[in-house]
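Taking it in order: structure first as C-alpha cells, then the write-up.
What follows draws every value from the coordinates through simple rules; no lab data is involved. Source: prediction; values computed, not measured. A quick note on method: Cβ atoms are made from the backbone with ideal geometry, for glycine too, and the neighbour counts reach across all protein chains shown.
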Amino acid sequence: MSLKRILVTGGAGFLGSHLCERLVAEGHDVICLDNFFTSQKSNVAHLLGQANFELVRHDITQPMWLEVDEIYNLACPAAPGHYQYNPIKTMKTSVLGAIHVLGMAKRCRAKVLQASTSEVYGDPEVHPQPESYRGAVNPIGPRACYDEGKRAAETLFMDYHRSNRVNVRVIRIFNTYGPRMHPFDGRVVSNFIRQALQGEDITIFGEGNQTRSFCYRDDLVEGMIRMMNGPDDFIGPVNIGNPGEFTIRELAELVLEMTGSKSRLVHEPLPADDPTQRQPDITLAKEKLGWTPTVPLREGLQKTIAWFRSIDIRHYRAPTPNY
Ligand SMILES: NC(=O)c1ccc[n+]([C@@H]2O[C@H](COP(=O)([O-])OP(=O)(O)OC[C@H]3O[C@@H](n4cnc5c(N)ncnc54)[C@H](O)[C@@H]3O)[C@@H](O)[C@H]2O)c1
C-alpha cells in the first residue's frame, strides 16, 4: 500500500478522530483540520506525539492552501442542536467547505470524499432508502440548513467531477454511534446513555415508535475507507449504515437494561420534520465495496456505555445553549 498525505476536515470530531486514528496507524501522513465547534482536542490528543499526525485549527468556511493526495471532508456540525444553533453558518460550512476542498482537490489532483448523510432523504416515503431515491426534504424547515447544505455539497461534488474531472467519492452516512460521541450532542444514543448513567429521566420524543438504524463507528469508518480506496468508476453516492431497524422505545429499553439504570422514560413532543422511519438499503455498498456492517447493536452499545462510564462528564460542555 502506498503512503499518502491525507487531509481529514472535521478530524477532531466523533467520526473524524477514529478515521485519523486508522489512517495514522496505517502509516499515512495525516493532517487533521478542525475548528473544534463540536469537538475537543482530547479526541486526538493521543495522536499528537506521532510524527505522521498534524493538527490544524481552521474553519473550513475560509480557504486553505495545503498539498495533499486525499481529502476526507467531514467538517460539519451533525447533531440537530448543533447545526440549528447557527443555521446560516451550517449552510456555509457545507457549501463553502465543499467548494474549498474541491478547489484544493482540483489543484492538487487529490481524491476527495464527502461525508454526506441520510438526511438528504428527508422524511422518506420509500422504505428502506436506496441511493436512487431523491428524498422528501422540507427546504424551509428547521432541519433544512443541514439537509439542503449536504444536498448542495453533493451537487458541487458531482459538478466538479463532471466539469473538472475531480476524482470524487460521496457516501451517505446513516445514524452512527460509538465512543467519543459528544455527551451533550442531543443525539439519541448519547442522550439515552448519558441520562441513564446520570439517573436522569430518559427523554423520548413522541411515542417512541419512530425507527432508526444504528451503525457502530468502526463499521462506518471501514466503509468510508473502502469507498475512498474503491474503483475510480464508482464515485457514489453510496449508503453506509446498518439496516437493523429499532424503534426509539426499544433503544431506550435496551440502554436501561444494559446500564442497570432506574431512570424513567418520559415523553416530549416530536420536533418539527422528525423523520418517522430511516433504514438504509445497502445493496450497492455490498456489491461495489464488499462492505457490510459486522457489529450488532448490543455489542456496540456495550463499548459505547463503557466509554461513557470512563469519561469525566464535567470536562465536556454543551457546545451550544440548545440543550
Ligand atoms: N454520526 C452520524 O451519525 C452521521 C450521520 C450522517 C452524516 N454524518 C456526517 O459525518 C461528519 C462527521 O460527523 P460526526 O458525527 O463525527 O460529528 P462531529 O460533530 O463529532 O464532527 C464534526 C467535526 O467538524 C468540526 N467542524 C464543524 N464545523 C466546522 C467548520 N466550519 N470548520 C472546521 N471544522 C468544523 C467539528 O468541530 C467536529 O470536530 C459530518 O459531516 C456529519 O454530517 C454523521
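Numbers below:
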item: Using alpha-carbon coordinates, inclination of helix 188-197 to the longest axis of the chain, degrees; result: 50
item: GLU257/PHE36 FRET efficiency (R0 35 Å; Cβ-Cβ; nearest 0.05); result: 0.50
item: Loop GluC sites (Glu not before Pro), segment 26-96 (other Cβ atoms within 10 Å of the site Cβ: 12 or fewer; DSSP); result: GLU67
item: Size of charge dipole - the chain - debye, nearest 20, with Cβ of Lys, Arg +1 and Asp, Glu -1, no other charges; result: 660
item: Size-normalised alpha-carbon gyration radius of segment 162-293, reference 2.2 N^0.38 Å; result: 1.23
item: Calculated log₁₀ intensity ratio I(q)/I(0) where the Debye formula runs over C-alpha points of the chain, q = 0.09, 0.13 Å⁻¹; result: -0.43, -0.94
item: Calculated P(r) of segment 238-303 - Cα pairs past 15 Å, %; result: 66
item: Label-point gap, in nm, between GLU207 and ILE140 - each point 7 angstrom along Cα→Cβ; result: 3.1
item: Extent along principal axes [Cα atoms of segment 135-217; Å; largest to smallest]; result: 55, 30, 20
item: Pair-distance profile P(r), taking every C-alpha pair of segment 201-258, with 5 angstrom steps and integer %; result: 4, 16, 19, 17, 14, 11, 9, 7, 4, 1
item: Residue-averaged 222 nm ellipticity for the chain, from DSSP H runs of 4+ at -39500 (n - 2.57), nearest 500; result: -11000 deg cm²/dmol
item: Label-to-label distance, nm, for residues given as GLN302 and THR155 (7 Å Cα→Cβ offset); result: 4.6
item: Under Karplus coefficients 6.51, -1.76 and 1.60, residue-wise ³J(HN,Hα) of segment 217-227 in Hz, glycine/proline x; result: 4, 5, 4, 5, 4, 4, x, 5, 5, 4, 5
item: SER310 versus SER132: modelled label distance in nm, points set 7 Å from Cα along the beta carbon direction; result: 4.4
item: Rh (Kirkwood; distinct C-alpha pairs) - segment 1-114, Å; result: 14.0
item: Across LYS150/LYS303; LYS111/LYS286; LYS41/LYS262; LYS150/LYS286, pairs whose alpha-carbon gap is larger than 27 Å; result: LYS150/LYS303; LYS41/LYS262
item: Antiparallel bridge percentage (DSSP; both residues within the chain; nearest 5); result: 10
item: DSSP-assigned coil residues among trypsin sites (Lys or Arg not before Pro) in segment 156-223, each with at most 11 further Cβ atoms within 10 Å; result: ARG165
